[in-house]
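Here is the structure we will look at.
The values are calculated or read from the model by the stated rules, or taken from the named source; none is laboratory data. These numbers come from a predicted model, not from an experiment. Cβ placement follows ideal geometry from the backbone for every residue including glycine, while neighbour counts extend to all protein chains displayed.
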Amino acid sequence: MHSEKIDHIGIAVQNLDEAQPFWEEVLGLHFEPREHVEDQRVVVAMGHLGESHIELLEPTGPESPIAKFLEKRGSGIHHLCVKVDDIEEALRRLKDKGMRLIDEQPRAGAAGKRIAFVHPKSTSGVLLELSEG
C-alpha cells in the first residue's frame with residue numbers, strides 16, 4: 001500500500017458553530033463550505049492546514065457514528081486519514097496482512113472522494129481512514 005500523505009485529521013464536535021471559530025480565528029484555518037455526508041450522517045467542515053486538513057464532524061442525529069463517539073468519549077480526535085493512490089489495492093493488501101476492515105469496499109465520502117475505514121483493533125487503537133481522489 002502506498003500512502004501519499006496525511007490527508008486530514010477528523011475531529012468529532014458537538015456543534016460546528018461553536019467549534020469552528022477556534023480553528024478559524026485562533027489558528028487561521030480557511031474552511032470550505034460545509035457539506036452534509038448523508039451516508040455518514042454528519043455535517044463536515046474541512047479546514048486547510050498547509051497540505052493537510054482538519055475535518056470537523058458534527059452528527060446529524062443520534063444514530064450517527066459521530067454521535068455515538070461523542071457520547072462515549074466526548075469531543076476530540078476521531079480518526080486519521082491517509083491519502084492512497086489506489087484504494088482497492090490498499091484494501092486488498094491490508095486484508096491480506098490480516099487487518100480488520102470496517103469497509104471491504106470503498107464508499108462515498110466528503111468532496112466526492114472514495115473512502116474506507118480500517119478498524120482501530122488493527123491499527124494500535126487509531127481509526128484509520130483511507131482516501132482516494
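The table below gives the values:
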| item | result |
| --- | --- |
| Boolean, Asp103 is closer than 13 Å to Ser131 by Cβ, of a type in the set (D, E, K, R), in contact (Cβ under 8 Å) with a residue 12 or more places away in the chain and surrounded by 14 or more Cβ atoms within 10 Å (Cβ to Cβ) | yes |
| Selection count where residues are within 18 Å of Ile11 (Cα to Cα) and in a helix (DSSP H, G or I), scope region 115-133 | 1 |
| Tally, over region 42-52, of residues that are modelled with pLDDT under 95 and either surrounded by 19 or more Cβ atoms within 10 Å (Cβ to Cβ) or outside any strand (DSSP E or B) (or both) | 2 |
| Hey, Glu25 charged (D, E, K, R) and surrounded by 12 or more Cβ atoms within 10 Å (Cβ to Cβ) or not | no |
| Per-region count, region 82-100, residues touching a helix residue (DSSP H, G or I) at 6+ places or on another chain (Cβ under 6 Å) and either free of Cβ contacts under 8 Å to residues at least 24 places away in the same chain or not in a loop (DSSP other than H, G, I, E, B) (or both) | 2 |
| Condition met for Glu35 (without any contact (Cβ under 8 Å) to a residue 40 or more places away in the chain and over 11 Å from the mean Cα position of the chain (by Cα)) | no |
